[in-house]
1. Of the residues Pro88, Pro56, Pro116, which exhibits the maximal mean-square fluctuation in a Gaussian network model of the chain defined by a 10 Å Cα contact cut-off?
2. Taking the Cα centroid of segment 148-192 and of segment 27-99, what is the distance between the two, rounded to the nearest whole Å?
3. DSSP loop (so not H, G, I, E, B), at most 14 other Cβ within 10 Å: list which GluC sites (Glu not before Pro) in segment 171-243 pass both filters.
4. Quick one: pull the percentage of alpha-carbon pairs in segment 2-242 with a separation above 28 Å.
5. Explain nothing, just compute: Karplus ³J(HN,Hα) = 6.51 cos²θ - 1.76 cosθ + 1.60, θ = phi - 60°, for every residue of segment 106-114 in order, whole Hz, x for Gly and Pro.
6. Within a Cβ distance under 13 Å of Arg234, other residues only, what is the Lys/Arg minus Asp/Glu net charge?
Amino acid sequence: MTVISALASPSWHMLWGTTKSRAAPWAGRLRDNRITDAQRATWVITGTSDYTPSVPYPPWAIHGTCRLAPIDGWESSTNSITMRQRIPDWPATLVTEWRIDGPQTESRLTVHAEEPTPALLGWHPWFRSTIDGTQARWSLAGELAARDGALATGEWMTWVEGSRRVDDAFYVPDGRVTITWGARALTIRNSDPWFVVFDEREEGVCVEPQNGPPNAFDTPLRGEPPVAHPGAPRTMTTTWEWR
């Protein structure tokens, strides 16, 4: 019944994970659900006024505009697929690539822009809390971004594994998170040192590789937020390996 109810919800693909789980041109939440004129000026993003997106999952305009947008074209082989789509509201194209090689899958998200465009990319996959009766455990070596309510404050906290449930951003220098179910394990390696982990639902755990923290255009945390420029695309590469 829980799964049926979720599939009937307009947010079912975000709650349970599908090919629409990609996030672009931003991942996570935006402060006040907008990219402001001041933020545009700071990061040289296209436009001269505040950008206020739709809010499909109140109260947040979350995970960008690409998840619900159509795919414009694709190419495939026996072990790979490449998909292209225009990014709604922005002068740019998102290219999504998947390649399977035995127990390892590589995914790549790339924003090609005609004008400076936000390129905060991410994945929002869900994994079962239990497999064959074994509880999922996740581990990483990094720091947790402290938050006030739903948004980061810019402060950092030492993370103690298993100390509490989370819906938080982590800075992970080695770009690796591992989920284990007993002897079974999935290692996620990301080209960028950012992950969001959500384990507040009993049904599953969500480990989200990103190329920057949520709300990066307002609170960069570490470094500048990712912006794609003409001739200078932004890419995030992630590998998913089972053992």
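Values quoted throughout were computed directly from the atomic coordinates according to the rules given, and no laboratory measurement underlies them. Quick caveat, the model's predicted, so the values are computed rather than measured. Here the Cβ positions follow ideal geometry from the backbone for every residue, glycine too, while neighbour counts run over all protein chains shown.
1. Pro56
2. Cα centroid to Cα centroid, the span is 24 Å.
3. Glu200, Glu202, Glu203
4. Tail of the P(r) past 28 Å holds 30 percent of the pairs.
5. Values, residue by residue: 10, 10, 9, 10, 9, 9, 9, 10, 8 Hz.
6. So the environment of Arg234 carries a net charge of -1.
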